[in-house]
Amino acid sequence: MSCMSVTRTYDEINEKIKKGKVVVVTADEVAELAAERGVSYVAKNVDVVTTATFGAMCSSGAFLNFGHSDPPIKMAKVWLNDVPAYTGVAAVDAYIGATEMSESRPFEYGGAHVIEDLVAGKPVHLRATAYGTDCYPRREIDTYVTKDSINQAFMFNPRNAYQNYAVAVNSSDRTLYTYMGTLLPRLGNATYSSAGQLSPLLNDPYLRTIGVGTRIFLGGAIGYVAWEGTQHSPGAKRDENGIPLAAASTLAVVGDLKRMDRRYLRAGVMHKYGVTLYVGIGVPIPVLDEEMARFVSVRDEDIKTTVFDYSVPHRSRPNFGHVNYKELRSGYIEVQGKRVPTVPLSSLERAREIAQALKEWVAEGRLLVQEPVQRLPENQVSRPLEVVGLEEIANG
Amino acid sequence: MARCRVVLTFPPDKVEKPVAYHLVKDFDLRINILRAKVDLNEEGKLLIEIENHKQEAIQRGLQFVREQGVQVELVDKELQWDDEECTNCGACTAVCRPRALHLEAPDWKLVLDKQKCTACGLCVDACPVKVIRIDF
Ligand code: SF4
Ligand code: SF4
């Protein structure tokens, strides 16, 4: 043990970023560096580590403000390319959710596609109806908008960047079509979605440096952590190194859709399941001290996750034990004594590209690290929804 | 062992020709029918795998098929995906039982082992961004 442990502040790191002297590496690179030279070396020499993930994140969407027409309308129902958006917020604000499906082309086109089309600069068909009021007399409108013709278009995703996630298998006799991809019968495959050692929240397991206000890469633009994500469960079971053994913390994130790039934001259709949005997220993690250096040095073989049987359609699915990401990446895992092919559902190739892009942003002084304005809750777990009567809920 | 995969395209008036039978019987070829799409009054298509210890035997068989007025295409070109639009997400590999499609280390991009592909078509629907095409 060295007698003087290294520490650095956010300000010190940002000074180095501004001077172009920052040492920034990706989470893949730091894992190798730590394996070769040790965690203390990392603590001493690395200022920032970039992490990333690119995967299906259903809990995503965007707020849009269309501007006022003449005569004005207080939209009660709104459709974008035939996909219903939520407009119960003032007159011309709407939220387009990623998983909402087109009324004419369900399971083929949805909110995620509207978002991707907007980002790509394509015109989007806007249709709205209203009751008509004294100040908003208009009762319907039919027009086209683009991201540049409307006032605001900002992405607000209630739950992204899951810290770890399950491995899905199917022990039944029929093929299952799920948000974890197509699961072949009799343990025919095992799908997993976390980016492992590159994944943002697995490089800072207790979220010391990721909180409200953290500046991030979101869909190709600068974005921010807005809040704890929905179902944020930092209280989930952890291993001896503090790494959660299944889905745990999550982030709610926000960013300017107008500046995003469809390379890092793609609509997808999960066969016979529905529409989702692939979101690219990158988080820069400041190496404040030796502890953070240890966290960012985590390797695939140190990160375990839980194998769940998705053929049981209940909230608590039976599990088949733990595997680590090195095993998952090897192409096969063993489940119930059977050799099962593994299939990633998030793009490691694209995640690496994002970690690299973010590294360049930091190195070129385009992105400063931001100390969280407020830390996220530390112990809670996600609650289930019970079906109860009024009496029961009132009496707690 | 020589082996190849071909798509046989039958014009509407040749759909009912029993070519597979002749290939087995007269040319001593091992035939595995991977996919068939035959509509009466329309073109019919058959994807088959042919095996024999001699390449020439296969060639002779295919020559016979051509003489019957049936079009023969080697299958190599059948499965395609748009590399620019592919996100290398891996969803298609989940349904590929023969493991013809897989993401390959170290760069984790999608690769296809044409030899293993049975042209089952399952990957086409499994791709979330719909960039895989099988022209069959
Ligand atoms: S067509 Fe079938 S065998 Fe061929 S790559 Fe696609 S899923 Fe695999
Ligand atoms: S599912 Fe589609 S996008 Fe994903 S790797 Fe396969 S071809 Fe590429």
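Side notes on the structure shown:
- Among A:250-261, A:354-365, A:37-48, sorting by the average number of other beta carbon atoms lying within 10 angstrom of each residue, highest first, gives A:250-261, A:354-365, A:37-48.
- Between the beta carbons of residue A:12 and residue B:3, assuming R0 = 41 Å, the FRET efficiency works out to 0.05 to the nearest 0.05.
- Put simply, the protein assembly as shown fits an ellipsoid with semi-axes of 45, 33, 23 Å; these come from the alpha carbon gyration tensor as the roots of five times its eigenvalues, largest first.
- At R0 = 25 Å, FRET efficiency that the Cβ-Cβ distance of residue A:241 and residue A:314 yields, to 0.05: 0.25
- The mean number of partner chain beta-carbon atoms within 10 angstrom of a residue's beta-carbon across peptide B:99-112 is 3.
- Calculated [θ] (222 nm, deg cm²/dmol) that DSSP helices of n ≥ 4 give over chain A, each run adding -39,500 (n - 2.57): -5000 deg cm²/dmol
- Diffusion coefficient of region B:2-74 by Stokes-Einstein, Kirkwood radius over Cα pairs, 25 °C, 0.890 mPa s: 204 µm²/s.
- Modelled FRET efficiency - R0 60 Å, residue A:291 with residue B:63, Cβ distances, 0.05 increments: 0.25
- Separation of the alpha carbons by more than 32 angstrom is noted, of B:37/B:116; A:16/A:122; A:21/A:304, for A:16/A:122; A:21/A:304.
- 0 to 90° range, to nearest 10: angle between helix A:27-37 axis and chain A longest Cα axis: 0
- In terms of the mean number of neighbouring beta-carbon atoms within 10 Å, the peptides A:207-219, A:145-157, A:230-242 order highest first as A:207-219, A:145-157, A:230-242.
- Ignoring aspartates and glutamates fewer than eight residues from residue A:338 along the same chain, the ones with Cα atoms less than 19 angstrom from its Cα are A:173, A:309, A:327.
- Between residue B:72 and residue A:21, the modelled label-to-label distance comes to 7.3 nm, taking each label 7 Å out from Cα in the direction of the beta carbon.
- Counting only DSSP beta bridges whose two residues both lie in chain A, roughly 90 percent are antiparallel.
- Estimated distance in nm for a label pair at residue B:55 and residue A:381, the labels positioned 7 Å out from Cα along Cα-to-Cβ: 6.5
- Pairs from B:14/B:114; A:19/A:359; B:14/B:54 whose Cα-Cα separation, in the structure shown, is over 19 Å: B:14/B:114; B:14/B:54
- Annotation: amide H-H contacts under 5 Å for residue A:77 (H modelled 1.01 Å from N, sequence separation of 5 or more, or interchain): A:129.
- Region A:264-282 residues near the modelled residue B:109 label - backbone nitrogen below 18 Å, point 7 Å along Cα→Cβ: A:264
- Modelled this way, with points 7 Å down the Cα-to-C-beta line, the labels at residue A:259 and residue A:356 are 2.3 nm from one another.
Coordinate-derived values only; no laboratory data. Treat the numbers as computed from the prediction; the structure is a model and nothing was measured. No Cβ is skipped: glycine too gets one built from the backbone with ideal geometry, and neighbour counts run over all protein chains shown.
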